[in-house]
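Worksheet for the structure shown next.
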Protein chains: 2
Amino acid sequence: MNSKPNAIVQRADDVARRVVSTGVGISMQMLIGPDVAPHFLLRRFVIEPGGSMPKHTNRVEHGQYVVRGRAKVGIGDKVYDVQSGDVVFIPQGWPHWYKTEGNEAFEFLCVVPNVPDETTLLDRD
Amino acid sequence: MNSKPNAIVQRADDVARRVVSTGVGISMQMLIGPDVAPHFLLRRFVIEPGGSMPKHTNRVEHGQYVVRGRAKVGIGDKVYDVQSGDVVFIPQGWPHWYKTEGNEAFEFLCVVPNVPDETTLLDRD
């Protein structure tokens, strides 16, 4: 961790995009990474139309804001219809999954604490 | 802090809006508050056209994502033209200010750690 980070102003579109291989049609951009902010990371995910992320858990909680599109999102034993302008909180360790709806990509910001994480895939229902 | 928070899925527009009295034309919504996520807060700010936030410091760093509009944002001794789709990082303790540009509201998400903060207004240039 950099103890004296500088200010950043950047087009999010210019940030490198990584494929999320545990899902289908998902990419992730690390907008504010582990060397920047001491306490949190800010990531942007895009799930292409028809894409999905299977049920999984993380060690860390997620704070999310949907920028674009629609999806069904499973959290614990509930399924939610989520769309642009929605805020989502997924507690630490809760199973969750995503499946896009409609013809638009589903794009969301995801805040997590700046600590090591692990993604554990669960059996599909 | 709630030790066992539940999942949240909510329209951000339905979250209570507080006037930010240190600025002009600014409101804030606590999308993910101090009783929800152990490590961070997620807030949404709207600065109406013509609105501004004077130069100030905070005890905490800011991770921001611009959802809508344009503004001039001063961070340290630099001034940036910031617009929808930009990511901004303001290190802890750095002076910063905002002034909207154009006829659209400037709306942004702001992540901070879940620790006490203090806003200190500085002299205007």
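Some observations on this one:
- Placing a pseudo-label 7 Å from each Cα along the Cα-to-Cβ vector at B:Asp14 and A:Gln10 gives an inter-label distance of 3.5 nm.
- Short-range pairs are left out: with C-alpha atoms under 8 Å and at least six residues apart, the relative contact order of chain A is 28 percent.
- The number of Lys pairs in chain B with C-alpha atoms less than 24 Å apart, excluding pairs fewer than 8 positions apart on the same chain, is 5.
- Across A:Asn103, A:Asn58, A:Asn114, mean-square fluctuation computed from a Gaussian network of chain A (C-alpha pairs under 10 Å connected) peaks at A:Asn103.
- When the P(r) of the stretch B:17-117 is calculated, the portion above 24 Å amounts to 14% of the C-alpha pairs.
- Under 15 Å, Cβ to Cβ, from A:Glu104 - net charge with Lys/Arg +1 and Asp/Glu -1: -1
- Taking label points 7 Å from Cα along the Cα-to-Cβ direction, A:Ser84 and A:Val24 give a separation of 2.5 nm.
- GNM top mover of A:Val15, A:Val111, A:Val60 - chain A, alpha-carbon springs below 10 Å: A:Val15
- Arranged from fewest to most other beta-carbon atoms within 10 Å of their beta carbon, B:Glu101, B:Glu61 become B:Glu101, B:Glu61.
- Amide N of the stretch B:1-41 lying under 17 Å from the label point, which is placed 7 angstrom from the Cα of A:Thr120 along Cα→Cβ: none
- Inter-copy label distances at B:Asp13, shortest first and taken from points set 7 Å along Cα to Cβ: 2.5 nm.
- Taken over the protein assembly as shown, the percentage of Cα pairs per 5 Å bin, counting from 0 up to the bin with the maximum distance, is 1, 6, 13, 19, 20, 17, 11, 7, 4, 1, 0, 0, 0.
- Net charge of Cβ neighbours under 13 Å - reference A:Ala71; Lys, Arg +1; Asp, Glu -1: -2
Bear in mind these aren't lab numbers, they're just calculated from the coordinates by the rules spelled out. None of these values were measured; they are calculated from a predicted model. In this analysis, Cβ positions are derived from the backbone assuming ideal geometry, glycine residues included, and neighbour counts consider all displayed protein chains.
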